[in-house]
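This report concerns only the one structure given below.
The values are calculated or read from the model by the stated rules, or taken from the named source; none is laboratory data. Not measured: the values here are computed from a predicted model. Backbone-built Cβ (ideal geometry, glycine too); neighbour counts: all protein chains shown. Only protein heavy atoms, including side chains, enter the accessible area calculation; ligands, DNA and RNA are left aside. Shrake-Rupley method; radii C 1.70, N 1.55, O 1.52, S 1.80 Å.
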Amino acid sequence: RFNAFRINISDATIGDVTISPEALVFNTSAMYNFSEAHHAYATVSSGFRAPNIDDMGTLGIVDFRYEVPAYDLKPEKSVNYEIGYKMSRPKFFGTLAAYYMNLDQLITRVKVDGEFINGYQVYRKENVEQAYIQGLETTVKWIPLPELNFNGGLSYTYGQNVTKKEPMRRIPPLNGRMAATWSRGK
């Protein structure tokens, strides 16, 4: 799939700016059926996130720093690898998946050395960081009786900013859900 965006910024202070980020992205997968109830799969896919208006056009004080516009930003890019297993029986369904995503050209705020405006350090966004996210996910559903089913899932994610050698922000903690449903008639 080919993705393209056109972003126009028109401002009295910063002038007129137009950028057109674009990327060719793909998704490929393979599945192997061990039997009617057991399946394994593998996928590889790519993606990109175009810079948005906030990434490019922020001008002013943001979180105790002064940010100036950045017009030469490129899209952030990713490649995701996933392998998994699925089991589907009349009264039991389950999945297990592991994934690894490589992130490149991440947009981040960078300090402009020696530049201050109104006493605030100046920052500009640039494509300078690399990171990865990896994790495991599982889901189960068991139907012991026609009126009763149990289901749940568990997810673990870990992210590392390779450039800064620190954990990524906004990665959720280990989380899950369990539920039991009883339904009879209406």
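Considering (1) under 20 Å from Leu24 (Cα atoms); (2) aliphatic (A, V, I, L, M); (3) not in a strand (DSSP E or B), say which one Leu103 fails and leave the rest.
Failing condition for Leu103: (3).
I'm trying to understand the selection: among the residues of region 118-137, which are in a strand (DSSP E or B) and under 30 Å from Leu59 (Cβ atoms)? Show your work before the answer.
Of region 118-137, the ones in a strand (DSSP E or B) are 120-137.
Residues satisfying the conditions are Tyr120, Gln121, Val122, Tyr123, Arg124, Lys125, Glu126, Asn127, Val128, Glu129, Gln130, Ala131.
Picking from Asn102, Asn118, which residue would you name as being modelled with pLDDT of 95 or more and surrounded by fewer than 17 Cβ atoms within 10 Å (Cβ to Cβ)? Steps first, answer last, please.
Numbers: Asn118 fails: modelled with pLDDT of 95 or more.
Just one listed residue meets the conditions, Asn102.
Hey, among the residues in region 143-186 that are farther than 30 Å from Thr108 by Cβ and in a loop (DSSP other than H, G, I, E, B), which one's most open to solvent (accessible area, probe 1.4 Å)?
Lys186
Please name all residue pairs, on different chains or six or more residues apart, with Cβ atoms under 7 Å, provided the first residue is in region 152-170 and is over 14 Å from Leu103 (Cβ atoms) and the second residue is open to solvent by less than 30 Å² (accessible area, probe 1.4 Å) and of a type outside the set (Ser, Thr, Tyr).
Listed by first residue and then by second, the contacts come to Ser155/Gly135; Tyr156/Gly135.
Does Val140 satisfy the criteria of being part of a strand (DSSP E or B), within 25 Å of Gly47 (Cα to Cα), open to solvent by 30 Å² or more (accessible area, probe 1.4 Å) and among the β-branched types (Val, Ile, Thr)?
no
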